[in-house]
Each structure stands twice: as C-alpha cells, then as structure tokens.
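For reference, the structure discussed in these notes is given below.
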Amino acid sequence: MKEAQKRKPKRPLGLKSVLFTLAIMIGAMLYTVAVLEKEPHIPLMIGTATAIIITMYHGYRFEEVEKMMYKGIRHALPAVVIIMLVGLIIGSWIGSGIVATMIYYGLQLIDPRYFLVVVIILCGIVSLAIGSSWSTMATVGVASMGIGISMGMSPGMVAGAVICGAYFGDKMSPLSDTTNLASGLTDVPLFEHIQHMLYTTIPGLVIALVSFFFIGQSYGKNHVDTGKIDSILNAIQDNFVITPWLLIVPVIVIALVMMKVPAVPAITVGIILGFFAQIFVQGGTLIESMTALQTGYKIETDNALVNELFNRGGLESMFYTISLTLVAMTFGGVLEYSGMLAALINVILKFAKSTGTLIASVIVSCFGTNVTCSEQYISVIVPSRMYASAFKEKALHPKNLSRALEDGGTLTSVFVPWNTCGVFIASTLGVSVAEYAPFAILNYVVPIISIIYGFIGFKIIKLDQTPTGPNTTLS
C-alpha cells in the first residue's frame, strides 16, 4: 500500500516528449551514419534509452516499459523468421547452381535495352503470385542483380527495378500480409481494397515502366561489353553445372505459394531442394552444403565480379539484419505503447481540415512511423487506429484510408536505412538505400499520386456514394 502511495501518478506523454525523443534519435542517427559512417544500431539504442527515461519520468514503472519493448519485439518475430529463411535460401540456391543457371541463361536471352522493364514485370508477377516482396527479392531479385551488374548496369538501378516490381506485386496481391492487414484494420473487403488501390498503383507502375524503358535504351547491345559477359559466362560454366532442370526448384516454390501454402513452409521446401541439388547436381559434399546454409557459399575465380556475385548468403549473413530489426522494434514498442506516437498524430489531425490534407497527413504519418518505429507493419497499424474516426467524421469511405495506409506505409518503408525493409533490401541485394532510392520510382510516385487525388477529389469515395449504405461505416 505504501509502495503504491509513493509511486508517481502516470501523466500522459505529450508532443514535447515525442519530439525530444525523436530529435535525440534522429540527431544521433544522422551523425553516426552520415558523419562516422557506422551502423544505425547504437543511435536506435540511444533513442530507446531516451524514450525509456522520459516514459519513466511520466510515472511508468520500468516493468511496464519493459513490457512495451517486448510487445514491439513480438511484432518483428514473423519478420525475423523470414529473414533467417532468406539467408538460408540464398546460400542454398547459390551453392546448388540455381542462381548461376538463372544468370547464365538471362545473360544469353535478355536484350539489355529491355532488361530493366523485364525485371519489373517478372518481379511483379512473382510477387503478385506469392504475396511477398521479400521472397521475390531474395530469389528472382538476387538473380536479376547478377544479370544486370554483369551487363554493366549500376547496382542501384537494377535494385530499383527489382523493388518496383516486387512491391507492386506485394501491394496488389490478395496473399500479401500488408494488404490483408490494411484491409482488415479498416474493415474493408479485401478485393474492394485491392480494386481501390489500382487507381494510384497502376499509374505509378506505368510511370516506372516508361522511365526504365528510356533508361534501358542506353544499354543497347552495341554498348555492352560482350567480352566481359563472355568472361562471366565462362567462369560460371567452369564452377557450376548449368542445367535447365535446376529451374524446377524456383518453379516449385512459386507453385506452392500460389496453392496458398504459407511462405515459411514454401521457402523451407526451396531450401531443402537447393541443399540436395548442391550435393547431387553440383557434386558438393554434405559439409559444403551445410556450410553454404550456415556461412554462405564461397567461390574463388579469376573473375572478381563472379566472386562478388556468388560469395554470399547463409544464416550468418542475416545476423546484422536480425539484430537491427530487434533494436528498431524495441524503440518502436516504447514509442507506440507509451502513447508518444498517438500524441504526435493527434496534433497532426488538428491541421487536417480538408480531405486532401487528411490523406496527406495519413501518408506523412505512415512514412514518419516507418522512420521512427522502423517497421512496415507498425506504419500501417498505428495510423489506421488514429485516423479511423477522422475519416468517419468526414463521411469518407474507409477504403480511402486503407489505400492511403498502403500508399504511405507499405511503399515508403524501403527509403529508411534502419527500417526492417531497408535493412533487408540492403542485405539481400547488396545495395545501400542511398544507391537504390532514386530508382525505386513506383515507391515514391504512388504516394504523390495518392496525395494529389486527395486534393482534387479524384476517386475519393464518400460513404453515401456506396450501395451498402450504413453498413460501410466502421464498427
């Protein structure tokens, strides 16, 4: 009883608290990453420590703050599992020669002028079929990087094309977790949500395709160093058994997910098949196959580019990504469950008077949540809770909110170096955010289109415009 009397009463955390916390974290991040050129882990930990101190100053016990951190980490556990599997499948598919086979045939069959457009379309189809941008980038994306770099294209450019295709398919797939999340949180039927997203996403895709078409024209066959490509092809042939039969493995994985097998078991099947292919097709030993899974595949050739392309993968290659994910989600958990994020968004809502400013506020808030909480899922979850009543008050159909959540949350996550998506892409494709950001055209064009629609009123649906009437309101 005495202990309870001594305990400070809890006080709400206002705008000053969250701005001070974010200023400390962002300042530490900019100095560490931009000036010292070090990793973002420590700045995030500094931000977490600041958030903990401020939260406890407002009357929370450390045990309560600790639970906030654990809740944040729990959000990241599904992503951590996928990250580990991605490290395994990259090591497995490189060791088995699957990636080498894709690159070998790709270099021979694809015209460099249209390669970037083909990458967007191929990654878009695969991601649409399996509902996962991460799985697409870890398989088709890795192979595309190898082909594009071999053609003399900049890694950032190829990565941008991979990201455009992968995120288009992920965003529009009924199997995507973020698509289902945005639909479910706003109480909008899944396919109605997807249909409404077409109006912003398809124009963004067209702009990306046209842009990459013109970019690709500078890589005509006459401008490609055929001697360099021949050297790569010879090095691949000297070190791997190349056979179209190996392409059955990725086909099986894609088929499994299209049959609605969850991503984890489907990827696991791909890992197992790649493991045995390294033994029975490439002639590797059991130890070599297990080493490829644990520490990645190792190769030494006279071609430096081939070494760079194939010396990668393995579980240990993802430890950096996993550690950053856990640190970021610890910070995000304190911000969300202490009420700091709610305080920030409530202030923003005071200025969102028109439909245009409201939708712009949602998209900016989603991007801000990607920056502060470092997790794509939270960038959809938190704003969905905060803006639902505002859309209802303005008689706006909730599918306007669900679309804005994906336009602002799902797509902008790739631009934050310490966000789980930014870290995953950098680790998987081997390209920094600064390198690929200018070429992730779809990801920054779609949010702009969405904001423009809000201000001009195009495809902004009112509740009284729908045949379902009062049943369309939020429960």
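The stretch 66-139 to the stretch 225-259: how many Å between their Cα centroids? A separation of 15 Å, based on Cα centres. Expressed in units of 2.2 N^0.38 Å, where N is the residue count, the Cα radius of gyration of the stretch 12-135 is 1.61. Split the accessible area of the stretch 284-342 by element, probe 1.4 Å, and carbon with sulfur accounts for 62%. Centre-to-centre, using Cα atoms only, the stretch 395-461 and the stretch 171-199 are separated by 15 Å. With protein chains left intact and a 1.4 Å probe, residues in the chain average 42 Å² of accessible area per residue. Greater than 30 Å separation of Cα atoms is the criterion. Which listed pairs, Lys10/Lys399; Lys171/Lys353; Lys67/Lys353; Lys38/Lys71; Lys67/Lys260, meet it? Those over the limit are Lys10/Lys399; Lys67/Lys353; Lys67/Lys260.
Membrane-span-like helices in the chain (whole DSSP H runs, Cα extent of at least 30 Å along the helix axis, mean Kyte-Doolittle hydropathy of at least -1.0): 62-95, 190-216.
The peptide list 11-18, 159-166, put in order of mean Cβ contacts within 10 Å with the highest first, becomes 159-166, 11-18. How would you classify the stretch 319-458 from its alpha-carbon gyration tensor, with a ≥ b ≥ c the square roots of the eigenvalues: rounded for a/c under 1.5, else prolate if a/b is greater than b/c, otherwise oblate? Oblate shape, in that a/c is at least 1.5 and b/c is the bigger or equal ratio.
When only DSSP loop residues count, what trypsin sites (Lys or Arg not before Pro) in the stretch 182-276 have their Cβ near at most 16 other Cβ atoms within 10 Å? Of the trypsin sites (Lys or Arg not before Pro), the ones in loops of the stretch 182-276 whose Cβ has at most 16 other Cβ atoms within 10 Å are Lys260. Summing charges over all other residues whose Cβ lies under 15 Å from the Cβ of Cys373, with Lys and Arg as +1 and Asp and Glu as -1, gives +1.
Sorted largest first by accessible area at a 1.4 angstrom probe radius, with every protein chain in place, the residues Lys171, Lys350, Lys462 fall in the order Lys350, Lys462, Lys171.
Shape analysis of the chain based on the Cα gyration tensor places the equivalent ellipsoid semi-axes at 40, 27, 20 Å, largest first. Only Cα pairs under 8 Å and 6+ residues apart enter the sum, and on that basis the relative contact order of the chain stands at 23 percent. Near Leu396, the amide H atoms lying under 5 Å from its own belong to Leu463; only residues 5 or more places off or on other chains count, and H is placed 1.01 Å from N.
The values are calculated or read from the model by the stated rules, or taken from the named source; none is laboratory data. Owing to the predicted nature of the structure, the values given are computational and were not obtained by experimental measurement. Cβ coordinates were reconstructed from backbone atoms using ideal geometry, including for glycine residues, and neighbour counts include every protein chain displayed. Side chains are part of the model used for accessible areas, which takes the heavy atoms of the whole protein and leaves out ligands, DNA and RNA. Shrake-Rupley method; radii C 1.70, N 1.55, O 1.52, S 1.80 Å.
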